[in-house]
Structure formats: structure tokens, C-alpha cells
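*Asks:* Sharing a structure below in C-alpha cells format, with a few things to ask.
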Amino acid sequence: SVPIAFLGGIGAASRQGVLIKGGSYLEALSQTETFIFDKTGTLTEGIFGLKEICPRGITAAQLLEITAYAEAYSSHPIALSLRDAYEKGIDTSRIGYIQERPGLGIEAVIDGMRVYTGNHRFMEALGIQIQKVKGSGTAVHAAVGRRYVGYVLISDRVRGDVSDTIRWLRQQHMEVMMLTGDNEHVANEVAHALGIEYVYANLLPQDKVTQLEEIMNDQMETEKLAFVGDGINDAPVLARADIGIAMGGLGSDAALEAADIILMEDEPSRIINAIRISRGTVRTVR
Ligand code: ADP
Ligand code: MG
């Protein structure tokens, strides 16, 4: 049975914009020693600015058009950003088929041609030779058929309230880590800026679960681990963590379902209030 004080704690948290799905998660939160963050859309805003268009054998405008069309139906932050950068409307009658490959990119048929857009891992898996990327950021490579047509370089910004949140967690002697599907250069840049020591990059959604399980294996029974994600591609890892924390704003329905705690605004700093409330509640109960 759940002590009444837990209900008070859940109520207090909800008034701070943190939805906790049960007293056991409130208790677990007070025992959390490890915080693992997803990068894109969680530590960062998930709004990518266009840095460079590097076409090969086609024009820059054509390359941007191909990526925007391939991303026409995706809710990934990269997709929203590329459609924004394209600035024109999408004529959906030109799109024959689209399939998203989580953690990799998109396969589509546009104007009757097969098109692939995504990261270096995706191109490698397709056997498509890519151009060396100059500059830092996230490269979205593109191919028409098996012909490589260049890449678009985009980059994201760290969220305003994240730095203080990470500092607070570390002051509380918690271990802070990052799991990301993005490349190690971007991952290390963000981690360095935020003082995050442990970084795991280039992970597919299922690799995130494997990595999380390895980290959990190294922990004692009483130590709890929380994973914080924006929800896009994160449902499996949110479900696997002792405490799955989803950002409510961008999050998919699947992620909100899988999560134990939902931040109703996309503000990681709300975690601090939730932890304070959880500790206060547990002290009252004991
Ligand atoms: P993160 O772990 O940083 O939140 P994801 O797991 O959502 O990232 O995606 C990992 C990587 O997969 C991205 O950095 C990108 O290279 C590629 N990717 C995923 N979805 C897309 C997409 N819709 N278009 C292009 N690339 C994508
Ligand atoms: Mg993400």
C-alpha cells in the first residue's frame, strides 16, 4: 500500500509541472544515483540550424529539396529542421513511399526515384561511399538510388536550463551520463560544454537499451537509475530504466506511455524540484 504522504508528494510535484505515475517512482527518485540523458531534444533544443549544404553532382537547392521531401512525414527534430530550412511547401503528390529507419534516417521514393537520407551508419549499411564531412555538426547524407549526392550539415543548441541542472545533479554526487545516436564529435562537444563525464555515441535505439542494461549491471540493488529522453525513438529505453523520465512537449504517445515520470514542459530543470519533493516525502514517511 502507498502511504498517504506519497500522494501529497505526487500532488506537489504535479503543481511543479512534473507528472509522477505512482508512489513507487517518487520513492525511487529519492534513491536515484545515476542520471542518463538522451542528447537530441533532451539536452539540446532539438531545433537544428542549417550550417552548410555540400552537394555532389547536383545543386545545393536540389540537395535541400531531396532531404526536405524525404523528411516530409517524420516527427524527428532533424526532419522538422530540414523542412524549415527548405522554406517551401511540400507537394505530397511527388512522394511515392516513405519509411523511417530509427537511428539511421529515411528511405523514400520521390518523383519515382529511390532516395536515402541519414547518417554515415545508414550510408555504410547501404554500401554507399560518402564524402568526408568538414566542420562540426550533424551531417545528413543523401543518395539518389545508389548515387551519393552530398550532405547537409546542421547543428543544434544546448537547452538554456540544462547546464545548471547537470551541475546540481553532480553537486548531489550523482553520476551523469549521455546516450546518443548522434556522432561522437557532436556528443563530446555537448558533454564537454555541460560537464558530463560518461558519453556513449553512435547508438541505435536498441543499442541504447543494451548500454543502459550494462550500466545497471554495474550498480547495486538499492541504487536507482533514471533515463531522461525527449521521446523520439526513446520508448524502449524509457521503459527499461528504473525511472523513465520523458519530456512531455515533443514526446510521442508511445514514450509518454512508457515513461514513469513526465515533465509537462520541456524543461530538464524541473527534475531538481521533483527530486527535492521526493526526498522530502520519503523523510516524512520514514
Ligand atoms: P538521439 O539519440 O541523439 O536523440 P536519435 O536516436 O533520434 O538521436 O537519432 C540518431 C541519429 O540517427 C541522428 O543523429 C541522425 O543521424 C539519424 N537520424 C535519425 N532519424 C533521422 C531522420 N529522420 N533523418 C535523418 N537522420 C536521422
Ligand atoms: Mg532524442
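The values are calculated or read from the model by the stated rules, or taken from the named source; none is laboratory data. As the structure is a prediction and not an experimental result, all values here were calculated from the model. When we count neighbours, we look across all protein chains shown, and the Cβ atoms used for this are built from the backbone with ideal geometry, even at glycine.
*Asks:* Name, by its number, the condition in (1) more than 30 Å from Ala241 (Cα to Cα); (2) within 16 Å of ligand 2 (Cβ to nearest atom) that does not hold for Val109.
*Replies:* Status for Val109: all satisfied but (2).
*Asks:* Being closer than 23 Å to Gly231 by Cβ, polar (S, T, N, Q) and loosely packed, with under 14 Cβ neighbours inside 10 Å is the requirement here; does Gln129 meet it? Talk me through it step by step, then tell me what you get.
*Replies:* Working: closer than 23 Å to Gly231 by Cβ: no; polar (S, T, N, Q): yes; loosely packed, with under 14 Cβ neighbours inside 10 Å: yes.
In short, no.
*Asks:* Quick test for you: out of Arg83, Arg94, pick the one residue that is surrounded by fewer than 23 Cβ atoms within 10 Å (Cβ to Cβ), more than 16 Å from ligand 2 (Cβ to nearest atom) and closer than 24 Å to Asp230 by Cβ. Can you show your working first?
*Replies:* Values: Arg94 fails: closer than 24 Å to Asp230 by Cβ.
Of the residues listed, the single one that is surrounded by fewer than 23 Cβ atoms within 10 Å (Cβ to Cβ), more than 16 Å from ligand 2 (Cβ to nearest atom) and closer than 24 Å to Asp230 by Cβ is Arg83.
*Asks:* Separate question: State the number of residues belonging to the range 29-70 that are among the β-branched types (Val, Ile, Thr) and within 12 Å of ligand 2 (Cβ to nearest atom).
*Replies:* Qualifying residue count for the region: 3.
*Asks:* Right, something else. Pairs please, first residue from the range 132-152 and over 12 Å from Thr117 (Cα atoms), second anywhere and among the basic types (Lys, Arg), Cβ atoms under 7 Å, 6+ apart in sequence or on different chains.
*Replies:* Note: pairs meeting the criteria are Gly135/Lys51; Gly137/Lys51.
*Asks:* Taking the residues in the range 70-92 that are in contact (Cβ under 8 Å) with a residue 60 or more places away in the chain and near ligand 1 (Cβ under 7 Å from one of its atoms) as candidates, determine which candidate is farthest from Ala139 (Cα to Cα). Walk me through how you get there before you give the answer.
*Replies:* Going residue by residue through the range 70-92, those that are in contact (Cβ under 8 Å) with a residue 60 or more places away in the chain are 70, 75-78, 81-82, 85.
Among the residues that remain, those that are also near ligand 1 (Cβ under 7 Å from one of its atoms) are: 76, 78.
Details: His76: 15, Ile78: 10 Å.
Restricting to residues being in contact (Cβ under 8 Å) with a residue 60 or more places away in the chain and near ligand 1 (Cβ under 7 Å from one of its atoms), the top hit is His76.
*Asks:* Would you pick out the residues in the range 209-250 that are more than 12 Å from ligand 1 (Cβ to nearest atom) and assigned to a loop (DSSP other than H, G, I, E, B)?
*Replies:* Asp218, Gln219, Met220, Glu221, Thr222, Glu223, Ala241, Asp242, Gly248, Gly249 - these are the residues of the range 209-250 that are more than 12 Å from ligand 1 (Cβ to nearest atom) and assigned to a loop (DSSP other than H, G, I, E, B).
*Asks:* When only residues in the range 98-113 that are at pLDDT 95 or above and out of contact with any Phe, Trp or Tyr (no Cβ under 9 Å at 6 or more places or on another chain) count, which is nearest to Arg147 (Cα to Cα)?
*Replies:* Selected residue: Met113.
*Asks:* Check Thr40, Thr34, Thr67, Thr117 and return the single one that is within 14 Å of ligand 1 (Cβ to nearest atom), under 26 Å from Glu214 (Cβ atoms) and among the polar types (S, T, N, Q). Full working, then the answer.
*Replies:* Details: Thr34 fails: within 14 Å of ligand 1 (Cβ to nearest atom); Thr67 fails: under 26 Å from Glu214 (Cβ atoms); Thr117 fails: under 26 Å from Glu214 (Cβ atoms).
Testing whether each residue is within 14 Å of ligand 1 (Cβ to nearest atom), under 26 Å from Glu214 (Cβ atoms) and among the polar types (S, T, N, Q) leaves just Thr40.
*Asks:* Quick one: in the range 204-234, of everything that is within 20 Å of Ser75 (Cα to Cα) and more than 11 Å from ligand 2 (Cβ to nearest atom), which residue is surrounded by the most Cβ atoms within 10 Å (Cβ to Cβ)?
*Replies:* Per the criteria, the residue is Leu204.
*Asks:* While we're on this one: Just give me the residues in the range 43-53 being more than 11 Å from ligand 1 (Cβ to nearest atom) and under 23 Å from Tyr200 (Cβ atoms), in sequence order. Quick ask: steps written out before the conclusion?
*Replies:* Going through the range 43-53, the residues more than 11 Å from ligand 1 (Cβ to nearest atom) turn out to be 45, 47, 49-53.
The one that is more than 11 Å from ligand 1 (Cβ to nearest atom) and under 23 Å from Tyr200 (Cβ atoms): Glu45.
*Asks:* Restricting the search to the range 14-33, which residues are assigned to a helix (DSSP H, G or I) and under 27 Å from Gln219 (Cα atoms)?
*Replies:* Passing the criteria: Gly23, Ser24, Tyr25, Leu26, Glu27, Ala28, Leu29, Ser30.
*Asks:* To continue, here is another question. List, please: which pairs have Cβ atoms under 8 Å, are six or more places apart or on different chains, and start with a residue in the range 93-111 that is in the same structural domain as Ser81 (by TED's automatic domain parsing) and end with one that is among the polar types (S, T, N, Q) and more than 16 Å from ligand 2 (Cβ to nearest atom)?
*Replies:* Sorted first by the residue in the range 93-111, then by its partner, the pairs are Gly105/Thr117; Ile106/Gln99; Ile106/Thr117; Glu107/Gln99; Ala108/Gln99; Ala108/Thr117.
The rows are residues; the columns are (1) touching a strand residue (DSSP E or B) at 6+ places or on another chain (Cβ under 9 Å); (2) of a type outside the set (Ser, Thr, Tyr); (3) buried (at least 21 other Cβ atoms within 10 Å of the Cβ); (4) free of Cβ contacts under 8 Å to residues at least 24 places away in the same chain.
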residue	(1), (2), (3), (4)
Gly8	no, yes, no, no
Tyr25	yes, no, yes, no
Thr32	yes, no, yes, no
Ile36	yes, yes, yes, no
Thr44	yes, no, yes, no
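*Asks:* I've got another one for you. Restricting to the range 100-121, count the residues that are out of contact with any helix residue (DSSP H, G or I) (no Cβ under 6 Å at 6 or more places or on another chain) and not in a strand (DSSP E or B).
*Replies:* Summing the residues that are out of contact with any helix residue (DSSP H, G or I) (no Cβ under 6 Å at 6 or more places or on another chain) and not in a strand (DSSP E or B) in the range 100-121 gives 4.
*Asks:* Next question. Step by step: first the residues of the range 173-208, then only those that are touching a residue at least 60 places away in the same chain (Cβ under 8 Å) and part of a strand (DSSP E or B), then the one that is farthest from Thr44 (Cα to Cα). Which residue is that?
*Replies:* Residue satisfying both the conditions and the ranking: Glu175.
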